[in-house]
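Notes follow once the structure below has been shown.
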Amino acid sequence: MSKTILITGGAGFIAHHAINKILSETDWKIVTLDRLDFSGNLNRLKEVVDTFPLSEQKRVQVVYHDLKAELNPEIAATIGKVDYIAHLAAGSHVDRSISYPLEFVMDNVVGTAHILDYARKLDSLERFAYFSTDEVFGPAPGDIKYKENDRYNSTNPYSATKAGGEELVVAFENTYGLPSIITHTMNVFGERQNPEKYIPMVIKRVRDGEKVTVHANSEKTVAGSRHYIHAEDVSGALLFLLNYNMSQMQPDVTGAKCQKFNIVGKDEIDNLQLAQFIAETQNKELDYEMVDFHSQRPGHDLRYALDGSKMVNMGWSPQSAFNRLESTIKWTLKNNRWLAI
Ligand SMILES: NC(=O)c1ccc[n+]([C@@H]2O[C@H](COP(=O)([O-])OP(=O)(O)OC[C@H]3O[C@@H](n4cnc5c(N)ncnc54)[C@H](O)[C@@H]3O)[C@@H](O)[C@H]2O)c1
């Protein structure tokens, strides 16, 4: 019998790419749960699901639920039997978390507790995957790259709530034996991303002849940088981890059992280089200004960096971001409804 995966946040950016990947590469049934807030858009999911034959489209079921509330027996019955859970639903915008920290606690900490409490009562769950972020480690000065079990140092409420969710996952594994994994993913880009995020925002500003603000150090000489990774690559990593035989994986030297995985893009790209690439792809001059954003606006970090060697040693490697950047920029310009705010 084919497996069923429950993916939370399926109307969001990364999860809709993950659903596309799972529809393409497995015969699994997919149930997705979302509350459709400002960043959740079912048209996003519809666009990718509609590219499959009708018989495949029937494998996707959408359940409306806000994870601030527990999953009651009716919701659980609607979802049915589940083999895997990938928990991606979250408040995901750092700036919003700085303005509304308690909303992020409710969505990302309480919401995670609710899905975990539902998961621990399932009979045959094979794996619970919690989708966290590189931002839990805070800024990475110099050439530091954090490993999976390094210390956390959240610099904004978003990161702290994602780290809080992680610790709940660890506790549910240790307390109830929930078979769990945690991923730390670096900055993701791709088709149908919310235009509040850096890459679609720069695509739009360059298209409209507006100035691009590039976050830099206090001297305004060094632009912030990230290891960008395409959402399809991230979805491949998620599927790889769901299928991976974890039985031989040991706790770390301190006894920490819950396995964590850094999903790292191949290329570290600074935000000026990225803006210039976006302008070149549009055959336009980049009008930009370097701003000392990080010392003026607490909560924004200049550089994030993770060590991706654990996943590489397991047999998963990312594609180069540059391979997908050009096609993402061109796709976004052509499908410009995704640039409307
Ligand atoms: N985008 C990135 O670069 C990135 C990097 C690392 C980790 N992540 C993590 O990946 C996940 C997905 O990120 P994204 O960029 O696709 O986010 P997104 O904002 O595009 O999508 C989030 C989805 O979750 C839903 N949601 C939010 N709160 C909910 C709640 N209480 N109940 C039900 N649904 C709710 C929203 O409606 C939306 O559809 C998040 O957990 C985020 O923390 C994102």
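Worth a mention:
- Cβ-defined net charge surrounding ALA140, 11 Å radius [Lys, Arg +1; Asp, Glu -1]: -4
- Förster radius 35 Å - calculated FRET efficiency between LYS330 and PHE52, Cβ distance, rounded to 0.05: 0.90
- Evaluated with a Cβ-only charge set (Lys, Arg +1; Asp, Glu -1), region 245-341 carries a dipole of roughly 580 debye about its Cα centre, given to the nearest 20.
- Relative contact order, whole percent, for the chain stands at 19, derived from Cα pairs under 8 Å and 6 or more residues apart.
- Of the two radii for the chain, the radius of gyration is 0.95 times the Kirkwood radius, both from the alpha carbons; that is the Rg over Rh value.
- Based on alpha-carbon atoms, the Kirkwood radius and the radius of gyration of region 1-111 give Rg/Rh equal to 0.98.
- Ranked by how many other beta carbons lie within 10 Å on average, peptides 143-153, 200-210, 52-62 from highest: 200-210, 143-153, 52-62
- Over 20 Å [Cα-Cα, region 194-341], rounded percent: 57
- Close amide-amide hydrogen proximity is noted between VAL222 and ASN217, each under 5 Å apart and 5 or more residues distant or on a separate chain (H modeled in the peptide plane; Pro and chain starts excluded).
- Electrostatic tally near TYR152: other residues with Cβ closer than 14 Å to its Cβ, Lys and Arg +1, Asp and Glu -1, net -3.
Every number in this text was worked out from the coordinates using simple rules, so none of it is lab data. Everything numeric here is computed off the predicted structure, so don't read it as measured data. Note that each Cβ is placed from the backbone with ideal geometry, even for glycine, and that neighbours are counted across all protein chains shown.
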